[in-house]
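To start, the structure itself, in C-alpha cells.
Coordinate-derived values only; no laboratory data. Not measured: the values here are computed from a predicted model. FYI the Cβ positions are ideal-geometry reconstructions off the backbone, even for glycines, and counts take in every protein chain you see.
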Amino acid sequence: MQVHSEDKFTAIIRVGVGPIRTDFKFKIDICEKKAPSHVRLRAVGSGSGSRVELDLGIDLQEASAGSEISYKSDTRVSGIMASLGQGLIRGTAEKTVADIFECIRNTLG
C-alpha cells in the first residue's frame, strides 16, 4: 500500500476467484469522514482484463462489550472476472470483506 495523502492511497491486492488469481492495482479515495464513527471510501482497481469498482461505508457504534462495526458495500465487476459468474464472485467478495474485518477485530483485540 502506498499513501499519497491523508485520503488517497494505492494498493496492489491479489484477488482469486475460483482458479483465477491476479493482482489488481487499486486507487482508493476516502470520500466521506465523520470521525470517529463513519467513513466512506471508493476504490477502483484493474488487472488481467478486469475492473472492480467498490463503494464502501463503514460505521462504528458503541456496544455493551466494546464497539460494533457495520458496513455496506456496493461492488461492480466487469471483464474476465465478471464472466465467471456473479455467484462465484459474490461469494469470494463476501469472504474477502469478512476476512478484512476479522483481521481488524483480531488486531484491535
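Things to note:
- Charge sum, other residues only, whose C-beta stays under 9 Å from Ile12's C-beta, Lys/Arg counted +1 and Asp/Glu -1: +1
- Secondary-structure-derived ellipticity at 222 nm for the chain, considering helices only, amounts to -8000 deg cm²/dmol, per-run term -39500 (n - 2.57) for DSSP H runs with n ≥ 4.
- Across Ser67, Ser83, Ser50, mean-square fluctuation computed from a Gaussian network of the chain (C-alpha pairs under 10 Å connected) peaks at Ser67.
- Here the range 46-62 and the range 17-44 have alpha carbon centers that stand 4 Å from each other.
- Crossing angle, helix 86-108 versus the chain [Cα axis fit, 0-90 degrees, rounded to tens]: 30
- Reachable lysines, given that their alpha-carbon falls under 21 Å from the alpha-carbon of Lys8 and they are not under 8 places away in the same chain: Lys25, Lys27, Lys33, Lys34, Lys72
- Along each principal axis, Cα extent of the range 2-108, largest first, Å: 43, 30, 22
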